[in-house]
1. For region 34-49, does any single residue satisfy the condition of being more than 18 Å from Asp2 (Cα to Cα) and among the hydroxyl-bearing types (Ser, Thr, Tyr)?
2. Within region 40-64, take every residue that is more than 11 Å from the chain's Cα centre (by Cα) and closer than 18 Å to Ser18 by Cβ and give me the one that is most open to solvent (accessible area, probe 1.4 Å).
3. Among the residues of region 13-27, which ones are outside any helix (DSSP H, G or I) and under 18 Å from Arg55 (Cβ atoms)?
4. Collect the residues in region 31-58 that are without any contact (Cβ under 8 Å) to a residue 24 or more places away in the chain, touching a helix residue (DSSP H, G or I) at 6+ places or on another chain (Cβ under 7 Å) and not β-branched (Val, Ile, Thr), keeping them in residue-number order.
5. Looking only at region 20-30, decide whether some residue is acidic (Asp, Glu) and surrounded by 12 or more Cβ atoms within 10 Å (Cβ to Cβ).
6. Of the residues Lys52, Lys40, which single one is part of a loop (DSSP other than H, G, I, E, B) and basic (Lys, Arg)?
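The values are calculated or read from the model by the stated rules, or taken from the named source; none is laboratory data. All values reported here derive from a predicted model rather than from experimental measurement. Here the Cβ positions follow ideal geometry from the backbone for every residue, glycine too, while neighbour counts run over all protein chains shown. All accessible areas refer to the heavy atoms of the entire protein, side chains included, with ligands and DNA or RNA removed. Shrake-Rupley method; radii C 1.70, N 1.55, O 1.52, S 1.80 Å.
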Amino acid sequence: MDQQLQVFVTVVERENFSRAAEELHMTQPAVSQYIQTIEKQFGTRLLDRSNKYVRLNKAGEIVY
């Protein structure tokens, strides 16, 4: 699987950037950068973010 998609799937499944980073043995800023890059490629936000959660939006559901 493409690295960007693997990062995206891990963030979705863990619902948290930090937990995804830990699982992927990456830093949280690196995970954030991957997500920003994939969102730029698709031309839309894929995740709804808050201080408490990360969740898929409609576009993210399609990609996932």
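1. So far as region 34-49 goes, yes, one or more of its residues are more than 18 Å from Asp2 (Cα to Cα) and among the hydroxyl-bearing types (Ser, Thr, Tyr).
2. Lys52
3. Step one: list which residues in region 13-27 are outside any helix (DSSP H, G or I), which gives 15-16, 25-27.
Listed by number, the residues that qualify are Glu15, Asn16.
4. Answer for region 31-58, where residues must be without any contact (Cβ under 8 Å) to a residue 24 or more places away in the chain, touching a helix residue (DSSP H, G or I) at 6+ places or on another chain (Cβ under 7 Å) and not β-branched (Val, Ile, Thr): Ser32, Phe42, Arg45.
5. So in region 20-30, the residues acidic (Asp, Glu) come out as 22-23.
From what's left, surrounded by 12 or more Cβ atoms within 10 Å (Cβ to Cβ): 22-23.
Scanning region 20-30, I find at least one residue that is acidic (Asp, Glu) and surrounded by 12 or more Cβ atoms within 10 Å (Cβ to Cβ), so the answer is yes.
6. Values: Lys40 fails: part of a loop (DSSP other than H, G, I, E, B).
So the residue among Lys52, Lys40 that is part of a loop (DSSP other than H, G, I, E, B) and basic (Lys, Arg) is Lys52.
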